[in-house]
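The values are calculated or read from the model by the stated rules, or taken from the named source; none is laboratory data. For clarity, every value in this text was computed on a predicted model and none was experimentally measured. So basically every Cβ, Gly included, is an ideal-geometry build from the backbone, and we count neighbours across all protein chains shown. Heads up: the accessible areas ignore ligands, DNA and RNA and are worked out on the full protein's heavy atoms, side chains in. Shrake-Rupley method; radii C 1.70, N 1.55, O 1.52, S 1.80 Å.
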Amino acid sequence: MEIARAAAGLFMRHGLRATRAEDIARAAGVAPRTFYRYFAGKEECLAPLFSAGVEKWAEAVRDAPADLSVPEALRHGVVQTLTPGVGVRPESMDWARALLRLAEGSPALLRVWGEACQGAERTLARVLEARASAASGGAGASAGGGAKFRLGAAVAGAAVRVAVEAWAAGDEPADGPAGPVALAVRHLEALRDFPWGAV
């Protein structure tokens, strides 16, 4: 994570193209050999930061009050994770915006972002399955249930990911009506008719 933070700082100050792996290693206080032990290239350095951010949402859904429905738990997770000053520091949202903008111009960095989101979908699928199982007294899982939970996680994950990416592409404040929370809640609301009960 220290290497990831050093890389993010350099990318934002100097740009992705102008930053070398050796620069990142130096900024993180490690030898280039240590850098390459963890990462194959400079873009991959951001994987820990991206993963920590997106996994946080799945964990917030998991920790939502047990009496909330799936849509309510998803909304709760968004509010707890993306609201500046609640689940995230305001400066972290600035970093997220800058890094997602960099990713839009770099196929390699965009792949790292996509892989982090896909990993969080798997976590969210397990969270949804556990919530369904708890709500049904342990009978939530069924034959083929894994695929259903994965579909639900992919749909919800895409709704939130698109909201965050749309916000990052613009200049609206993170806590305003066009911020990531407001956009994600609207996206999730549009999925209200999704058959969550079958997921």
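Describe numerically, in nm with one decimal, the distance between label points set 7 Å from Cα along Cα→Cβ at residue 92 and at residue 178.
Modelled inter-label distance: 2.5 nm.
Treating only the Cβ of Lys, Arg, Asp and Glu as charged (+1, +1, -1, -1), what charge dipole size does the chain show about its Cα centre? Round to the nearest 20 debye.
Values: 23 positive and 22 negative charges, 109 e Å.
Here the chain has a charge dipole of around 520 debye.
Given the rule -39500 (n - 2.57) for each run of at least 4 DSSP H residues, summed and divided by the residues of the chain, what is its mean residue ellipticity at 222 nm, to the nearest 500 deg cm²/dmol?
-22500 deg cm²/dmol
Please work out how much length the chain gains when fully extended from residue 147 to residue 69, using 0.36 nm per residue of separation minus the C-alpha to C-alpha distance, in nm with one decimal.
Answer, rounded to one decimal: 26.1 nm.
FRET efficiency for residue 2 and residue 83, Cβ-Cβ distance as r, R0 = 30 Å, nearest 0.05?
Working: r = 27 Å, r/R0 = 0.89.
The pair residue 2/residue 83 has a calculated efficiency of 0.65.
At a temperature of 10 °C and a viscosity of 1.306 mPa s, determine how fast the chain diffuses translationally according to Stokes-Einstein, using the Kirkwood radius over alpha-carbon pairs as Rh; express D in µm²/s, rounded to the nearest whole number. The partial results should precede the final answer.
Working: Rh = 17.7 Å.
Taking Rh from Cα pairs, D becomes 90 µm²/s.
Length gain on complete extension for the stretch residue 17 to residue 130, per 0.36 nm per residue less the alpha carbon to alpha carbon distance?
Once the chain is fully extended between residue 17 and residue 130, it gains 36.4 nm.
For a quick check, take a GNM of the chain with Cα springs below 10 Å and name the residue from 184, 135, 18 with the largest mean-square fluctuation.
18
Hydropathy first: keep DSSP H helices in the chain averaging at least -1.0 on Kyte-Doolittle, then drop any whose Cα extent along the axis falls short of 20 Å, and list what survives. Display every interim value, and only then the final one.
Details: long enough: 47-62 (22 Å, 0.19); 90-104 (22 Å, -0.27); 107-135 (41 Å, 0.13); 145-169 (36 Å, 0.90).
Qualifying helices: 47-62, 90-104, 107-135, 145-169.
In square angstrom, rounded to the nearest 10, how much accessible surface does residue 161 have for a 1.4 Å probe?
Surface accessible to solvent at residue 161 totals approximately 80 Å².
For residue 185, what charge total do you get from the other residues with a beta carbon under 12 Å from its beta carbon, if Lys and Arg give +1 and Asp and Glu give -1?
So the environment of residue 185 carries a net charge of +1.
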